[in-house]
Amino acid sequence: MPPLSARLSENLLEQEPRLKIAVQKSGRLTENSLHLLETCGLTYSRGRDQLICYGENMPVDVLLVRDDDIPQLLAEGVCDLGIVGLNVFLEKSNPEDGVRKAVDMDFGRCRLSIAVPRGESWDGPVSLAGRRIATTYPRILSRWLDEQGVDASVVTLSGAVEIAPRLGRADVICDLVSTGSTLAANDLEETTIVLESQAALLAAPQAHSAWAQRMISRIEGVLRVRGSKYIMLHAPRAALDEIRDLLPGSEAPTLMPLEGLDDKVAVHAVCSETVFWETLERLKGAGATSILVLPVEKMLA
Ligand code: ATP
Ligand code: ZN
């Protein structure tokens with residue numbers, strides 16, 4: 001029989017409802033999403049069916065599903081958090097479900113754009129009037145057409161949108177683009193952007209548990225820390241204002257006295273933007289010495 005303390009903690013773990021996070025099973029968002037959760041401290045073992053990753057060190061499990069299903073899994077209360085493209089969130093969520101976007105991520109960037117056969121004339125969205133537009137995003141597209149005051153017919157397809165004009169099923173398309181190479185390969189030209197998208201962390205209305213809050217704030221911390229640097233330098237008191245202005249994207253720096261040096265102080269600052277060599281050279285030009293730039297590993301605001 002295991003000691004009482006172990007049994008108690010086992011029971012406590014069992015009683016605590018486990019947080020469920022939905023992540024795309026296999027696609028463009030999978031690797032970044034799982035890596036982000038690992039950076040938040042989660043270690044997991046993958047179930048034999050490859051559908052659930054069981055958290056080993058936190059009461060958190062990851063469900064691997066199709067991205068299109070994620071908004072509904074949250075709306076139904078099956079999962080608490082989920083990672084999808086903004087495009088999928090806007091297309092598949094109903095406002096009355098109460099699913100909200102908690103955090104913008106810095107991956108999965110793409111745009112939902114209108115593309116027309118190469119060489120076709122384009123005078124802005126009015127050129128779409130009366131035409132057939134193929135898309136897998138009928139809701140986003142219809143809303144955008146309304147905003148533009150354009151009357152066009154939306155042809156909803158489940159995939160292979162880019163070949164619809166050649167097959168005669170539509171005149172133009174509205175599809176996701178990142179590099180534009182798929183469009184080029186299909187003799188299409190991007191004309192206007194309907195939606196700029198990136199991955200987003202979604203939270204279900206019931207995601208109020210301590211672990212949900214903790215995961216959201218850890219994810220925010222990981223995103224904030226990317227690209228952040230910690231700068232340490234010695235600055236002449238007379239040049240403090242100039243040096244403070246040169247520090248990229250930092251809030252209030254910390255000033256500390258230097259033993260035996262009355263005319264200089266140590267300045268420490270977290271900079272949220274890239275620190276270029278040019279910035280360091282300018283800091284040096286302003287009189288800073290002993291300049292050190294360090295990576296930031298974790299941040300909790
Ligand atoms: P699933 O099998 O999960 O339904 P899928 O084919 O719908 O997969 P992916 O092609 O893996 O999905 O794209 C997932 C998300 O990645 C998109 O919804 C979008 O937010 C983002 N994305 C980034 N770049 C692109 C791109 N060039 N084309 C399509 N999606 C992109
Ligand atoms: Zn999908």
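Tell me the residue from Pro253, Pro248, Pro205 that is touching a His at 6+ places or on another chain (Cβ under 8 Å) and either surrounded by 12 or more Cβ atoms within 10 Å (Cβ to Cβ) or at pLDDT 95 or above (or both), please.
Only one candidate passes the filter, namely Pro253.
Within the range 155-178, take every residue that is without any contact (Cβ under 8 Å) to a residue 12 or more places away in the chain and over 30 Å from Ser33 (Cβ atoms) and give me the one that is farthest from ligand 1 (Cβ to nearest atom).
Ranking the candidates gives Gly168 first.
Given the residues Gly130, Gly98, Gly119, which is the only one that is modelled with pLDDT of 95 or more, over 28 Å from Met215 (Cβ atoms), of a type outside the set (S, T, N, Q) and more than 16 Å from ligand 2 (Cβ to nearest atom)?
Numbers: Gly98 fails: over 28 Å from Met215 (Cβ atoms); Gly119 fails: modelled with pLDDT of 95 or more.
Unique residue meeting the criteria: Gly130.
Of Ser217, Ser197, Ser272, which residue is closer than 30 Å to Leu112 by Cα, within 16 Å of ligand 1 (Cβ to nearest atom) and of a type in the set (Ser, Thr, Tyr)? Reasoning before the result, please.
Values: Ser217 fails: within 16 Å of ligand 1 (Cβ to nearest atom); Ser272 fails: within 16 Å of ligand 1 (Cβ to nearest atom).
Unique residue meeting the criteria: Ser197.
Residue-by-condition table, conditions (1) within 13 Å of Ala199 (Cβ to Cβ); (2) at pLDDT below 95; (3) surrounded by fewer than 22 Cβ atoms within 10 Å (Cβ to Cβ):
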| position | (1), (2), (3) |
| --- | --- |
| Val23 | yes, no, no |
| Thr43 | no, no, yes |
| Val65 | no, no, yes |
| Leu74 | no, no, no |
| Leu86 | yes, no, no |
| Asp106 | yes, yes, yes |
| Leu112 | no, no, no |
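Need at least 1 residues that are of a type in the set (Asp, Glu) per element, so show me which strands (runs of 3 or more DSSP E) inside the range 182-237 make the cut, counting only ones lying wholly within it.
Values: elements: 188-197, 199-203, 229-236.
Answer list for the range 182-237: 188-197.
Of Ser181, Ser121, which residue is surrounded by fewer than 15 Cβ atoms within 10 Å (Cβ to Cβ), of a type in the set (S, T, N, Q) and away from ligand 1 (no atom under 16 Å from the Cβ)?
Ser121
Within the range 233-253, work out how many residues are under 20 Å from Thr274 (Cα atoms), free of Cβ contacts under 8 Å to residues at least 40 places away in the same chain and among the acidic types (Asp, Glu).
Total meeting the criteria: 2.
Would you pick out the residues in the range 19-55 that are part of a loop (DSSP other than H, G, I, E, B), more than 16 Å from ligand 1 (Cβ to nearest atom) and either of a type in the set (D, E, K, R) or in contact with a helix residue (DSSP H, G or I) (Cβ under 6 Å, 6 or more places away or on another chain) (or both)?
Of everything in the range 19-55, those that are part of a loop (DSSP other than H, G, I, E, B), more than 16 Å from ligand 1 (Cβ to nearest atom) and either of a type in the set (D, E, K, R) or in contact with a helix residue (DSSP H, G or I) (Cβ under 6 Å, 6 or more places away or on another chain) (or both) turn out to be Cys40, Arg48, Asp49.
The values are calculated or read from the model by the stated rules, or taken from the named source; none is laboratory data. In this text the structure is predicted, and so the values were computed from the model without any measurement. Note that each Cβ is placed from the backbone with ideal geometry, even for glycine, and that neighbours are counted across all protein chains shown.
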